[in-house]
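Since the structure comes first, as structure tokens, the remarks are kept for the end.
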Amino acid sequence: MSQLEDMQIFVSTVDAQSFTAAADRLGLSKQLISRRIMALEERLGARLLVRTTRRLSITDTGRGFYERAVKILQDVD
């Protein structure tokens, strides 16, 4: 997958507030969503999301990346 696709996965996950809901929206597996976001975080060297068993929340760094990613994806579209 490309970096642009990883951005779309991240944005969809934040919008859905869930790996499962994002996976359903994108037609991908929950495991693939999780792996791609982990790879994105590793590439960026920053934690974007905080995962717990009950909740998914965005970090301050993640919020900034989300805002930029939304703009990039809109520009590309």
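The values are calculated or read from the model by the stated rules, or taken from the named source; none is laboratory data. On a predicted model such as this, the values are computed, not experimentally measured, just so you know. When we count neighbours, we look across all protein chains shown, and the Cβ atoms used for this are built from the backbone with ideal geometry, even at glycine. Please note that ligands, DNA and RNA were not included when accessible areas were found on the heavy atoms of the full protein model with its side chains. Shrake-Rupley method; radii C 1.70, N 1.55, O 1.52, S 1.80 Å.
Each Lys or Arg adds one and each Asp or Glu takes one away; over the other residues whose Cβ falls under 15 Å from the Cβ of V76, this sums to -2. These residues, I72, I33, go from largest to smallest accessible area, 1.4 Å probe, as I72, I33. Rolling a 1.4 Å probe over the heavy atoms of the protein chains gives the chain an accessible area of 66 Å² per residue. Restriction of the chymotrypsin sites (Phe, Trp or Tyr not before Pro) in the chain to DSSP coil positions whose beta-carbon has at most 13 other beta-carbons within 10 angstrom yields no sites.
If a paramagnetic tag sat 7 Å from the Cα of I72 along the Cα-Cβ line, which residues of the stretch 4-28 would have the backbone N under 12 Å from that point? From the stretch 4-28, the list is 4-11.
Whole-Hz Karplus values for the stretch 57-62 come out as 10, 9, 7, 4, 4, x Hz, taken residue by residue from phi with 6.51 cos²θ - 1.76 cosθ + 1.60 and θ = phi - 60°; glycine and proline positions read x.
Take the Cβ atoms of L32 and L4, set R0 to 25 Å, and the FRET efficiency comes out at 0.95. Within the accessible surface of the chain, defined with a 1.4 Å probe on protein heavy atoms only, the carbon and sulfur portion equals 48 percent. Each other residue within a Cβ distance under 12 Å of R35 adds +1 if Lys or Arg and -1 if Asp or Glu, for a net charge of -1. Counting only DSSP H runs of at least 4 residues, each contributing -39500 (n - 2.57), and dividing by the residue count of the chain, the helix-based mean residue ellipticity at 222 nm comes to -22500 deg cm²/dmol.
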